[in-house]
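Let me begin by presenting the structure, written as structure tokens, before commenting on it.
The values are calculated or read from the model by the stated rules, or taken from the named source; none is laboratory data. None of these values were measured; they are calculated from a predicted model. Here the Cβ positions follow ideal geometry from the backbone for every residue, glycine too, while neighbour counts run over all protein chains shown. Just the protein is used for accessible areas: all its heavy atoms, side chains included, with ligands, DNA and RNA removed. Shrake-Rupley method; radii C 1.70, N 1.55, O 1.52, S 1.80 Å.
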Amino acid sequence: MIYDDALNDIIENVSKITKSVSSEEITKMTNMISEVDNVFIMGLGRSGLVAKAFGMRLMHLGLNVYIVGETITPAITDKDCLIAISGSGETSYIVSTTGIAKSIGAKIIAITSYTDSTLAKESDLIVQLQGRTKIDDEPNYIRRQISGQHQTLSPMGTIFEISALIFLDSTIAQMMHNLGQTEEDLKARHTVLE
């Protein structure tokens with residue numbers, strides 16, 4: 001059944017990708033997030049949903065966090081950081097917004113598949129999650145087969161997006177430990193307006 005094959009493909013790839021992030025990168029990222037006044041997060045499409053999920057967890061940790069593009073998002077300053085999530089690292093809105101934040105002096109954390117992308121080049125810290133993104137499709141069947149690029153069972157950027165979600169949730173667990181917080185502390189900040 002295709003479902004079983006796809007499930008195994010996604011789990012294997014996500015496990016390999018998320019385990020490839022070094023403890024140094026995780027430490028740098030958690031330190032940077034903990035040391036700034038405000039954390040701004042952005043992504044578009046499904047990466048934007050991952051950004052919102054991470055933002056919610058940072059809020060549960062008691063941090064000042066904003067999602068770029070929301071109407072209540074304040075101005076970014078040189079005492080803040082921007083976390084930009086983009087598989088390709090070339091999404092025009094992400095790149096241009098990162099440029100603005102960089103010119104103001106904010107720290108930039110890029111979560112991307114491409115360390116040579118425009119986004120990565122603008123960043124103070126790059127976390128590479130080498131997932132397949134929508135720009136990876138080689139249209140020529142013969143070239144794909146010769147180079148070993150066999151068709152994956154996960155569409156477009158699925159591997160990157162799921163890897164980013166799992167990586168960021170695992171980062172929250174690390175930050176809970178670093179900040180001495182428990183699940184009860186997080187629950188106390190969870191919305192009650194449901």
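Among Y66, Y93, Y114, the largest mean-square fluctuation in a Gaussian network model of the chain (Cα springs under 10 Å) belongs to Y93. Of the DSSP H helices in the chain, those that are both long (alpha-carbon extent of 20 Å or more along the helix axis) and hydrophobic (Kyte-Doolittle mean at least -0.5) are 2-19, 46-60, 158-179.
For the range 1-94, applying the loop criterion from DSSP together with a ceiling of 14 other beta carbons within 10 Å to the GluC sites (Glu not before Pro) yields E70. In a DSSP loop and with at most 13 other Cβ atoms within 10 Å, the trypsin sites (Lys or Arg not before Pro) in the range 61-108 are K79.
Summed over qualifying helices (DSSP H, 4 residues or more, each -39500 (n - 2.57)) and divided by its residue number, the chain shows a 222 nm mean residue ellipticity of -16000 deg cm²/dmol.
Using the Cβ-Cβ distance between I100 and I11 with R0 set to 30 Å, the FRET efficiency from 1/(1 + (r/R0)^6) comes to roughly 0.20. Rounded to whole Å, the principal axis extents of the Cα atoms in the range 1-42 read 50, 23, 10, largest first. Surface composition of the chain: carbon plus sulfur atoms hold 55% of the accessible area, using a 1.4 angstrom probe and ignoring ligands, DNA and RNA. For the pair the range 1-28 / the range 75-131, the C-alpha centres are spaced 22 Å from each other. For the chain, modelled as a GNM whose springs connect Cα atoms under 10 angstrom apart, the maximal fluctuation among A101, A110, A53 occurs at A53.
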